[in-house]
Amino acid sequence: MATFTVNLEDGDGFEWDIRNTGEILDGTDDAFDSAFGLSWFATSATQSIESMNGRQHETVGTHTSGLDVSRKIYVSETQGYARFFDTFTNNTGAAITFDLSYSHNSGADSNYTVLASSSGDTVQAADDTYIISDDSATGNGGSDPVVGIFFGDGSLTPTSLVSTGGFTHGYDTITVEPGESISFMMYAQQNDNFADGTEDVQSFVVPTADRLEGLTQAELDQVINYVGLQADQTASGPVVDLSNNDGPSFYMSITQNITFDSFHSSTGTSYSWISANGHKITAIGHGIAIDGSNIPTAGQVQKFVIDLYDSGSEDVIISGVDIDLSNLSFTGTSTDSDTFWAEVLAGETTFIGTDSTFQQRVGGDAGNLSGAATLLIGQDDTFEAGDLGVNFFFGDALDVNEATLVGGNDTLNGTASVAVGDAYNTESNARIFGGDDLIIASSDNPHDFLPQFGGDVVLIYTGSVVMGGTISST
């Protein structure tokens, strides 16, 4: 069988020698002895398919399971990393279930030393999603580069991870339906020392926009080892994405949706708990640690995934945050929910609505706001409804009880939705100073009872005061 090799240099000057199988042969100065090997992959390709001005090379072939396989390897010209993007497509008439396995043979040979892992130790284990290694114990005195291999955000951990003078990580019983494609994405770095090797870890655990360069949203939606990837990351603050939720309904004001009930699982890059209503909430980030009671003591979080009723789905995805996990509350009281939303919605938040007919009720800066001493100054939030979904958007909060709310200047796309500039409900001497909001309506309405629009508040109870802001509409 004919073979070929493509040589590319990354932005830090390290070499990536790509074989026709998509493996890396040596790298720089014997960093690898063949890495990113995909088990049971066969190709007869005699040349790669170039794209991205020659920085990305694709090879195609088949898997013994009967799946068609495409591997795209992108080497950044301005930064020091390579990206591996494997797509498995079922072009048959029946579902295919297969085992996925990757092998990484280190050039360090018998001196192979694990310097860091996603679980926070120096031991390779199946709950890891990245490994940093070298041929020296410190990462500073070896002859080979320090190597980092990153293979997910913790949402999908390996079924097995075996040390092999390097390591092999496997994923069992993955099913691809007829006509479906799934993708698996990995990153790798070569560095001069350990400090450089750990500097950019977080940007591979939760990929930043530059790490996703050249990938379409359709491709990112197929990825199974990262969740909530967005090709367009122009939003300056948090993004709450409800578009994956086709049921059940989700109300931000119901505190039991978030309130801690029991510990589920934890790794160095993820922490999951079950809420009082049975939902699984997963925090994804870096440096996560827990105490003997399974309560977080450390960790920086960039993403949350809410799986309603722990059904194995990604119903609500919150990205674009940077939160110290130990600042959240895990007391089993409503404080857990209040603290969660206060931390998550602290910036100018973008909400993406659902196309489902199940109701989604969200507020731009809080679910419930209560207490006479509580003052919330709303941020300038943006709401984008689906064309068909039933989305209830409230610019700043749902329920305001005794508290004072100064509304932000929000933009609400009210297509097929309820869109209200500041809040849904005021009770018990609440005070609301409305923001200057923009509500975008649509005449193309598939629901008899929607859309409905309000300038500041829907329900005002005795003793509450509302000073309206300016409302614009289109």
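The values are calculated or read from the model by the stated rules, or taken from the named source; none is laboratory data. Remember, predicted model here, so these are calculated numbers, not experimental data. Reconstructed Cβ throughout: ideal geometry from the backbone, glycine too, with neighbour counts over all protein chains shown. When the accessible area is computed, the model is the full protein with side chains, heavy atoms only, and any ligands, DNA or RNA have been set aside. Shrake-Rupley method; radii C 1.70, N 1.55, O 1.52, S 1.80 Å.
Observations
- Filter result (within 18 Å of SER253 (Cβ to Cβ) and open to solvent by less than 40 Å² (accessible area, probe 1.4 Å)) within region 305-335: ILE306, LEU308, ASP315, VAL316, ILE318, SER329
- Residues that are more than 27 Å from PHE433 (Cβ to Cβ) and either open to solvent by 50 Å² or more (accessible area, probe 1.4 Å) or not in a helix (DSSP H, G or I) (or both) are absent from region 360-378 altogether.
- In region 402-423, the residues that are at pLDDT 80 or above, surrounded by fewer than 23 Cβ atoms within 10 Å (Cβ to Cβ), part of a strand (DSSP E or B) and not polar (S, T, N, Q): VAL406
- Residue count for region 336-345, restricted to those that are over 18 Å from the mean Cα position of the chain (by Cα) and over 20 Å from SER249 (Cα atoms): 3
- Filter result for VAL146 (surrounded by fewer than 20 Cβ atoms within 10 Å (Cβ to Cβ) and either within 15 Å of VAL206 (Cα to Cα) or in contact with a Ser or Thr (Cβ under 8 Å, 6 or more places away or on another chain) (or both)): no
- Condition check for ASP127: of a type outside the set (A, V, I, L, M), modelled with pLDDT of 90 or more and either over 21 Å from THR208 (Cα atoms) or buried (at least 22 other Cβ atoms within 10 Å of the Cβ) (or both): no
- Enumeration of residues in region 150-167 that are open to solvent by less than 10 Å² (accessible area, probe 1.4 Å) and within 16 Å of PHE32 (Cβ to Cβ): PHE150, PHE151, GLY166, PHE167
- Here SER356 meets each of (1) at pLDDT below 80; (2) outside any loop (DSSP other than H, G, I, E, B); (3) surrounded by fewer than 24 Cβ atoms within 10 Å (Cβ to Cβ) with one exception, condition (2).
So that you can scan it fast, the table gives a plain yes or no per residue for (1) over 15 Å from the mean Cα position of the chain (by Cα); (2) modelled with pLDDT of 90 or more; (3) closer than 24 Å to HIS63 by Cβ; (4) open to solvent by 10 Å² or more (accessible area, probe 1.4 Å):
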site	(1), (2), (3), (4)
THR173	yes, yes, yes, yes
GLY197	yes, no, no, no
GLU213	yes, yes, no, yes
GLN233	no, no, no, yes
ASN244	no, no, no, yes
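- Test set (1) surrounded by 23 or more Cβ atoms within 10 Å (Cβ to Cβ); (2) farther than 19 Å from PHE151 by Cβ; (3) modelled with pLDDT of 95 or more - SER262 fails condition number: (1)
- Strands (runs of 3 or more DSSP E) enclosed by region 1-92 - at least 2 residues per element that are in contact with a strand residue (DSSP E or B) (Cβ under 7 Å, 6 or more places away or on another chain) and either within 27 Å of THR113 (Cα to Cα) or β-branched (Val, Ile, Thr) (or both): 5-9, 15-19, 32-38, 56-63, 68-75, 82-89
- Within region 81-115, being surrounded by 22 or more Cβ atoms within 10 Å (Cβ to Cβ) and farther than 17 Å from THR21 by Cα holds for TYR81, SER106, GLY107, ALA108.
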